[in-house]
Each structure stands twice: as structure tokens, then as C-alpha cells.
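Participant: First the structure, then my questions, so here it is.
The values are calculated or read from the model by the stated rules, or taken from the named source; none is laboratory data. As the structure is a computational prediction, the values presented were derived from the model and not from experiment. A quick note on method: Cβ atoms are made from the backbone with ideal geometry, for glycine too, and the neighbour counts reach across all protein chains shown.
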């Protein structure tokens, strides 16, 4: 997984996507928790197409390609400020939903405007032709029948068309802000996913009004050894790392990488960067257990 245009889909991301789909379809609040560095935020960003959204100068400056990406978008990613308030949470989520609504509806509005402009041009031409006809005296001020006024659109939920709100760093939210989320969940009939650290579910369990609405809990697990092997064999170039042309062929070096990182994706990226630096400094062509151990000494490794 990367936060660039190339995102490496892992088995953990597939599980996360299925979890988000269930929360959206069944309109539940879901809790996703996992240790830091396993890919929770990257997965949430990819699921909501958020790197593409953040790359927009503004939704109102979107290109046709951007409109195509968000044609069926129904999820937003919200990261609360460290200091947050209920009003700020409501305002920020409302602003993001309005931006997604614009991206979805603007192409249709533009097409409708072109159609209306073409129809007006045709009406003007017909009037001109009537005024030029032989019997212009009888039709000089003839009015073209007006189109019937369309029936007003049914009222729309404030957050429509968004059906899923992903809240990253949910541990930052105070209880009043969580109550604001619960109120938005109740009023809009949407799904919601709260992403945070392990133990978040125990904290929320102390608030029965909110916790009773939790339908699913998803534990985001570290990468397994087979997944790390697949990444190192097939995708290390896409991850933006530089390794020998044959990758990491030494089985003992691979075992050392798995042992050091514990399947933590963020730590894996940092370790590979250190390995690349050591290979270049020492003009080495192979990743060995000694290289991995040396790279590990240059890292600050917490609990993984």
C-alpha cells in the first residue's frame, strides 16, 4: 500500500473494503482499530479516493477526468482536528459532503445547461423565421408555448449523496463530538466507520447510546509473511524503493525482515529505505541478514 497514485491492494485492504461496504449497505456504525503503521489510514484514503480529492485545487476546478472518478462517489474521509468541537465536526463533514455532491451533480447540470442553451437558440431561430415569413403581420409577436414548470424535487437529506462517512483518528474526538456524529448518523440514515487505535471500542462501550448503534468491529491486522513476500517479489518498485534487481532473494534476509517489522507496513517501508542506503554506501549487490541487522540498528522501533 502506498499513498501515491499506485496503491497495492493487500488481503487486509480487501477485508477493510468489505467491512466498509457492509457499514454503508446496512447503515451501521463500524469500529476499525489496529496498531499504528498497519495501513488503516492508507486503506481509508484509497477506499474514498481521497488522494485524488485532495489533489483538486477545489471541487469547482475539477476536470472531466475528476468528474468521472467521483461519478458514483458516496463516501468521504474526515480527519478531525486535535482540538475539536461538535459545531466544527458538523461543519467540516457538511462541507466535504457538499463537495462530493458538486462533483457528482455538476456534469449533469452542465449537460442540462447546454441543452437549454441549444433549445433557446432554436426558439430564437424559429421566431426570426416567423418574422421573415410573408404573413409576418399575423405572427409578428407570436409567443412560443412555454415549457411546463417541472415539479419541485423531493427534499434531500443534508448529507446526500454521501452514504458512508469514514472518520480517521477517531480517538481525538471528545464525547460531545462523538454525540454530534451519532446525531448525524441518526438524522441522515448513513453508515459510519470510526478508525482508531486498539482500545477504542472499550472507551466507546462506556457510552451506551452510541455503542448500541455499532454493528461491526474490524481489527486491522499486520501483514502476514506471505503478503510481505508478495510485496517484495512483485511490487517493491511500485512501493518506491530501490533494491537489487533480484529483490531480496536470500531467505534468511527475508526472515529477518519479517522478524524486525512484525508485518507493520510503515516499518517495512522505513526498513527498506535503510537497506537501500546501506547497499549504496557499501557498494553491495545483495541483501543479507547482516545488511538487515545493520539497517535495523538505524531505526527507532517501538511496539509492533
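Participant: Can you say whether residue 252 is farther than 28 Å from residue 40 by Cβ and in a loop (DSSP other than H, G, I, E, B), as far as the supplied structure shows?
Facilitator: On the way: farther than 28 Å from residue 40 by Cβ: yes; in a loop (DSSP other than H, G, I, E, B): no.
No: the conditions fail for residue 252.
Participant: Name every residue in segment 255-285 that is part of a loop (DSSP other than H, G, I, E, B) and out of contact with any helix residue (DSSP H, G or I) (no Cβ under 8 Å at 6 or more places or on another chain), in order of residue number.
Facilitator: The initial filter retains those residues of segment 255-285 that are part of a loop (DSSP other than H, G, I, E, B), namely 262-264, 283-285.
Answer for segment 255-285, where residues must be part of a loop (DSSP other than H, G, I, E, B) and out of contact with any helix residue (DSSP H, G or I) (no Cβ under 8 Å at 6 or more places or on another chain): 262, 264, 283.
Participant: Looking at (1) at pLDDT below 90; (2) part of a loop (DSSP other than H, G, I, E, B); (3) out of contact with any helix residue (DSSP H, G or I) (no Cβ under 7 Å at 6 or more places or on another chain), which one does residue 133 not meet, given that it meets all the others?
Facilitator: Every condition holds for residue 133 apart from (3).
Participant: Of the residues 74, 25, 66, which single one is in contact (Cβ under 8 Å) with a residue 60 or more places away in the chain, in the same structural domain as residue 188 (by TED's automatic domain parsing) and surrounded by 15 or more Cβ atoms within 10 Å (Cβ to Cβ)? Before you say what the answer is, go through the steps one by one.
Facilitator: Values: 25 fails: surrounded by 15 or more Cβ atoms within 10 Å (Cβ to Cβ); 66 fails: in contact (Cβ under 8 Å) with a residue 60 or more places away in the chain.
Only one candidate qualifies: 74.
Participant: For segment 84-100, give me each residue that is surrounded by fewer than 16 Cβ atoms within 10 Å (Cβ to Cβ) and part of a loop (DSSP other than H, G, I, E, B).
Facilitator: 85
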